[in-house]
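Input: one structure, supplied below.
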Amino acid sequence: MSESHVESPAENPAPKARTEHVFQAEVEQVLRLVVHSLYSNKEIFLRELLSNASDALDKRRFRALTDPSLAPSGEPGIRLEADASNKTLTLHDDGIGMTHDELVTHLGTIAKSGSRELLEALGRAGEKGDLSLIGQFGVGFYSAFLVADRVEVVSRAAGQSDAWCWASDAKRAFTLEPATREAVGTSVVLHLGADHLDLLRAWKLEELVRRYSDFLPWPIEVRHDGKDGEAPSWKRVNQGRPIWQRAASEVTKEQYVEFYRHVSHAYDEPLAWKHFRVEGSQEFAGLLYVPTQPPFDLFSPEPKHGIRLHVKRVFIMEDCDQLLPRWLRFVRGVVDSEDLPLNVSRELLQDSRLTRVIRKQVTRQVLDALAQLEVERPEDYATFWKTFGPVFKEGLHYEPDQVERLSKLLRYESTAGEGWVSLAAYKARMKEGQKAIYYVLGESRRQIESSPHLEGLRKRGFEVLYMTDSVDAFAVQALSEFDGVPLVSATSAELDLGEGDDAAKEAQGGLAALRERMRVRLEAHVSEVRTSTRLTDSPACLVIPEGGLAPHMERLFRATQQGLPAQKRILEINPGHPLVVALETLTENKSELEGVDEWIDLLFEQALVAEGSPIEDPGRFTRRLTALLTDAATLAARGS
Ligand code: ADP
Ligand code: MG
């Protein structure tokens with residue numbers, strides 16, 4: 001009875017007359033894109049509108065849990081009705097409905113943050129005639145204008161007695177005026193454009209519903225005109241049983257794909273999915289997807305993420321981030337719990353044991369799906385890795401007890417050539433006598449590829465992994481070993497290339513005079529000068545003492561954390577390099593010491609340049625270099 005209760009004017013200040021409202025600028029832009037798009041798959045409008053109707057029915061059922069007076073009287077559902085004489089297609093639903101003000105905000109603005117990103121992405125996609133992004137950004141309703149010249153939305157909100165009609169022809173404005181609607185719910189009336197009159201045929205509508213929306217949990221009925229003056233009849237079209245509650249054998253690939261698009265608001269194909277049921281102390285069913293395309297906010301500071309939560313089939317909430325670790329934020333899907341209370345809230349989920357159990361299972365199921373993808377479809381796995389690897393690797397840092405499982409799924413580029421290598425594949429092709437898995441951290445492959453640090457490793461035929469994502473510096477710290485083999489940075493002071501201990505010790509004792517001279521000269525910059533076993537062609541390089549930071553990470557930190565002291569690294573020099581040998585001779589003989597000091601500075605600075613680090617005083621560096629070049633060129637000219 002509460003539906004007939006009348007709000008007092010103070011509670012409902014909405015004017016009782018026709019009003020006109022200008023669309024928010026972003027909406028106008030979206031509408032322009034929709035109306036002028038060459039997007040050929042215009043039928044998706046139906047999926048969007050059915051999805052909204054289904055959401056509205058979900059919301060009403062949820063609200064009725066605590067306020068039974070909001071429950072509909074008959075069996076709630078969605079009805080599609082074509083009217084050939086008026087050329088309209090109408091979708092009726094028994095959902096939660098919209099008030100006057102909700103019509104204005106929901107169908108006149110884009111509430112979601114990131115609407116600028118949305119428009120940029122839509123603009124780019126629109127040029128190519130691809131509007132598949134529209135659902136992801138929550139502007140699905142406007143897709144009605146793909147087929148309609150004019151749209152009217154007549155809605156009566158739950159608990160209200162009055163109804164309102166929103167209408168627009170997708171130009172700059174929409175109108176609102178009082179309307180009548182017998183029961184709570186929404187009717188979307190599409191005045192079809194001349195090219196879309198095939199949508200007036202009942203069989204066409206049935207086909208579209210089956211193709212796109214078969215899994216929706218609410219009955220969808222299509223009206224059939226009666227033949228020869230008979231009364232029209234309604235025919236139920238969709239199966240309706242929630243897809244995740246069916247046995248996997250009963251679900252086709254197409255149905256899995258369509259359901260993915262429904263839950264993720266995306267239009268790509270999922271790369272992989274996992275349909276599961278957990279029984280025991282906790283009972284729940286789930287269906288999880290790994291997308292092909294990244295969501296637009298994958299790397300934004302506050303990405304929307306999480307999965308859809310149902311309790312005993314009742315929809316509870318979208319984007320439930322408690323059920324999915326942040327490093328799996330690209331995963332989409334649903335979980336349907338038998339044990340959570342129906343009135344569960346985000347706060348309640350926050351520190352519930354049930355939440356932790358579900359989250360752990362969800363994580364495990366995703367990892368299983370990825371492990372299977374890796375084995376069965378390596379190319380698709382590579383696609384996954386390229387898109388989501390940088391996010392996935394955050395898991396190494398956040399999930400210390402999962403490192404072993406995660407490490408099997410890692411991929412890196414390496415000195416072995418193009419393409420990705422797993423740690424297992426690396427281990428399998430390690431050279432005899434190689435004691436570690438080597439890697440090098442850096443900003444880009446190009447920058448570290450020719451780094452002097454790799455010379456010794458290359459000469460010995462040892463493969464080196466390139467770690468160039470910014471997450472790698474943290475992630476690799478959790479990865480001390482793989483399958484019994486330690487991971488060692490090529491730039492670490494601890495690098496042991498497997499030479500006999502004697503040879504290494506002997507080498508370290510060499511070049512004593514030069515090393516001492518360099519130590520004093522470079523005291524402000526390096527903590528130690530020593531001879532190197534990792535260099536073959538270059539005269540010098542800088543290595544990182546235990547616990548130190550890669551230089552590009554140090555720069556990043558220093559940029560954000562004022563006053564962080566500069567770290568001193570260790571300078572290694574190549575005892576086999578003629579330049580080093582000559583400098584040692586000069587130092588020992590105490591001749592040309594002024595020149596030696598200049599060259600020591602240059603040696604240090606070019607070690608910085610070689611690894612891609614900036615030098616403190618580029619002007620001085622180039623002057624020194626020019627002086628050397630001048631000497632060399634003059635000498636050469638004299639000899640010619
Ligand atoms: P999204 O569904 O992603 O939120 P839409 O553009 O499809 O974006 O819809 C915008 C909003 O309009 C919805 O969030 C909902 O609040 C409201 N809405 C749309 N259709 C209906 C409907 N049939 N019943 C009730 N509310 C609706
Ligand atoms: Mg929608």
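The values are calculated or read from the model by the stated rules, or taken from the named source; none is laboratory data. Computed from a predicted model, the values in this text were never measured in an experiment. When we count neighbours, we look across all protein chains shown, and the Cβ atoms used for this are built from the backbone with ideal geometry, even at glycine. SASA here: full protein model, heavy atoms, side chains in, ligands and nucleic acids out. Shrake-Rupley method; radii C 1.70, N 1.55, O 1.52, S 1.80 Å.
Compute the Kirkwood hydrodynamic radius of the range 19-240, taking the inverse of the mean of 1/r over all pairs of distinct Cα atoms, and give it in Å to one decimal.
On the way: mean 1/r = 0.0557 Å⁻¹.
Kirkwood hydrodynamic radius for the range 19-240: 18.0 Å.
Can I ask one more? How much of residue 326 can a 1.4 Å solvent probe reach, expressed as accessible area in Å² and rounded to 10?
In the full protein context, residue 326 sits at about 110 Å².
Let me ask something else. Quick check on my link table: of 360/386; 274/427; 235/312; 253/408; 59/312, which ones sit more than 18 Å apart, alpha carbon to alpha carbon?
Working: 360/386 25 Å; 274/427 30 Å; 235/312 27 Å; 253/408 28 Å; 59/312 15 Å.
Pairs exceeding the cut-off: 360/386; 274/427; 235/312; 253/408.
Top to bottom by accessible area (1.4 Å), largest first, where do 42, 253 land?
Working: 42 45, 253 115 Å².
Order by accessible area, largest first: 253, 42.
Given the rule -39500 (n - 2.57) for each run of at least 4 DSSP H residues, summed and divided by the residues of the chain, what is its mean residue ellipticity at 222 nm, to the nearest 500 deg cm²/dmol?
Working: 21 runs with 236 residues, N = 640.
Computed ellipticity for the chain at 222 nm equals -11000 deg cm²/dmol.
Ignoring ligands, DNA and RNA, what accessible area per residue does the chain give at 1.4 Å, in Å²?
Details: 30640 Å² over 640 residues.
On a per-residue basis, 48 Å².
Turning to a different aspect of this structure: In Å, what is the Rg of the alpha-carbon atoms in the chain, and how long is Dmax?
Here Rg and the maximum Cα pair distance are 33.4, 117 Å.
Three principal axis extents, largest first, for the C-alpha atoms of the range 278-370, in Å?
Between the extreme Cα coordinates on each principal axis of the range 278-370 lie 34, 28, 21 Å.
Using a 1.4 Å probe on the protein heavy atoms only, what accessible surface does residue 191 show? Give it in Å² to the nearest 10.
Looks like 50 Å² after rounding.
Of 61, 18, which has the most accessible area and how do the rest follow, probe 1.4 Å?
18, 61
How big, on average over all directions, is the shadow cast by the Cα convex hull of the range 129-243, in nm²?
Values: hull surface 40.4 nm².
Orientation-averaged projected area of the Cα hull: 10.1 nm².
Can you tally the net charge around residue 250? Count Lys and Arg as +1, Asp and Glu as -1, for every other residue whose Cβ sits under 14 Å from the Cβ of residue 250.
Numbers: positive: 241, 246, 253, 277; negative: 214, 254.
Net charge around residue 250: +2.
For the range 492-640, what percent of Cα pairs sit more than 28 Å apart? Each step should come with its number before you reach the end.
Details: 2701 of 11026 pairs.
Of all Cα-Cα distances in the range 492-640, 24 percent exceed 28 Å.
Would you please put 336-347, 553-564, 152-163 in order of how densely packed they are, using the mean number of other Cβ atoms within 10 angstrom per residue and starting with the highest? Write down the numbers at each step before the final one.
On the way: 336-347: 14.8, 553-564: 11.5, 152-163: 21.3.
So the order, starting with the most tightly packed, is 152-163, 336-347, 553-564.
Taking all protein chains in place and a 1.4 Å probe, what share, in percent, of the accessible surface of the chain do carbon and sulfur account for? Numbers along the way, then the final one.
Numbers: 15440 of 30640 Å².
Carbon and sulfur together cover 50 percent of it.
As an exercise, take the mean of 1/r over every pair of distinct alpha carbons in the range 423-555, invert it, and state the Kirkwood radius in angstroms. Spell out each step's value before the answer.
Values: mean 1/r = 0.0626 Å⁻¹.
Roughly 16.0 Å, rounded to one decimal.
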